[in-house]
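Let me begin by presenting the structure, written as C-alpha cells, before commenting on it.
Coordinate-derived values only; no laboratory data. Fair warning: this is a prediction, and the values are worked out from it, not measured in the lab. Quick reminder, even Gly has a Cβ in these numbers, built from the backbone with ideal geometry, and neighbours come from all protein chains shown.
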Amino acid sequence: MCVFSAEPQCVYSIFKRLGAELVLSLFLNVRAEDQPEVFQEIMELCTEHWHGLISVPVNVKVPWWTSGFAKALDARSKLMEIIKDKLKNETQGFVGALGSVPFPNSGSAAQHLLLFISALIPKALASLLTSFTLALGGPEQRESRQEAIRNPDHLHRVLLEVQRLWPPFIGGRRIAEKESTLADFCVPKDYDVMYVSYFIHRDPEVFQQPDSFLPERWSGRNAGQEHLLCSFGNGPRSCIGSTLTEIFIKEACRYLLKNYDWCLDPPSQDLQYKWLPVSRPANLPSVSFTRLDQTVLE
C-alpha cells in the first residue's frame, strides 16, 4: 500500500495506479516494483485501449493521423501478445493456473485476462476510493472515520452510501427476452432497455433525502435493500468482479482509516462530478494526509 507524502495528493491518480498494480499482480504476475518497464507498458496500453474503445468507432489510419479507435485496436493486439506469452510461459499464480484450463476456444483464456486487466477495474476502484476519501474527509467527519475503524458494519454502510451517491459507471443495458411493460411503457421483445444508476440511486420514493450522504439509512429505512443498487449491474447478469472489487476497496479504506487523517487542500475546490467514462470530480481534487499516531488508535 502506498505511503502518502506531506504534500497535497491527486488522490484519483494514486488510486488508479493502485488499482492497476492490484489487477496486474493478481492476474498477470506483473509487479510494479519488480518489472517497472513491463508494468508501465501494460498500463499505457490498457489506457489507450480503453480510451479508444469509448471514442467514435471509426478505424482510420492516414498519414500523420490515426483515429482513437484504430489506436485501441493496435493496443489490444499488443496486449493480447503479452497475455498469450504469459499464458504460455508462466507457471505460478492465476495466469499460470489459467493456462492449463481446457477452454472451448484457444483464445478464450487470453480474452478473459484482457477483460480482467482492462481499465475497468482500476477506474472503478479509483472512482469509489476517491468518492470515499472526499465523503469522509475533514474534521467534521473525524468521528465517522473513527467509528469506521472500530465498527466494520459502519464502514460497510459508508461504502454503500458512497456507491449509491457516486456509482462508478453511469449505467448499463438489458435486452428484453419477451415483450414486457415497464412503468407503463411497452418494451418489445429483443429491444434494449437502458438504465442510469445515478437516477435509480436517487429515487426519492426509495431513498429519503436522496442527495444527502447518510450512511445510517442502511441500518434504518433502507436496511436490507442493498440489492437496489446497480453500480455493477444487478441480477444474474451483474458484474462478476463486484465481490473482488469490494474486497479491494474495503482493504484500502481500512488502511487509510487506520493510518491517516485527511482533508481537502486547498479547502475550497470545485468538486462537481463528471460521469463518463467513470464518475469523479471534473477537476481532480487534491487532498492532504496526516499520519495518525498508532498508539492513539490502539
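Worth pointing out:
- Of the trypsin sites (Lys or Arg not before Pro) in region 130-222, the ones in a loop by DSSP (not H, G, I, E or B) with at most 10 other beta carbons within 10 Å are K178, K189.
- Remark: relative contact order (the chain) = 21 percent; criterion is Cα-Cα distance under 8 angstrom and separation of 6 or more residues.
- Relative to the compact-globule estimate of 2.2 N^0.38 Å, the Cα radius of gyration of the chain comes out at 1.10.
- Residues of region 207-241 with amide N under 20 Å of a point placed 7 Å along Cα→Cβ from E177: 233-240
- Across region 65-123, Cα pairs under 8 Å and at least six residues apart give a relative contact order of 30 percent.
- Sites matching GluC sites (Glu not before Pro) across region 144-232 that sit in DSSP coil, with at most 15 neighbouring C-beta atoms within 10 Å: E177, E179, E205
- Taking the chain as the region of interest, the number of lysine pairs whose Cα atoms are within less than 28 Å, with members eight or more places apart or on different chains, is 27.
- Close amide H partners of R280, meaning residues 5 or more places away or on another chain with modelled amide H under 5 Å apart, are K274.
- For the chain, built as a Gaussian network whose Cα springs stay under 10 Å, the top-fluctuating residue of S242, S127, S231: S242
- Relative exposure of M80, M194, M43, judged by other C-beta atoms within 10 Å (fewest first): M194, M80, M43
- Unit charges at the beta carbon, dipole of region 190-298: most positive-side option, W218, N283, V206: N283
- Placing unit charges on the Cβ atoms only, positive for Lys and Arg and negative for Asp and Glu, gives the chain a dipole magnitude near 540 debye about its Cα centre.
- Positive-end residue, region 9-297 charge dipole about Cα centroid, Cβ charges, pick of Q269, N234, L18: N234
- Positive-pole candidate from V193, P152, I170, dipole of region 145-274, charges at beta carbon: P152
- Residue-by-residue Karplus 3J(HN,Hα) for region 265-271, coefficients 6.51, -1.76, 1.60, Hz, glycine and proline x: 8, x, x, 9, 9, 7, 10
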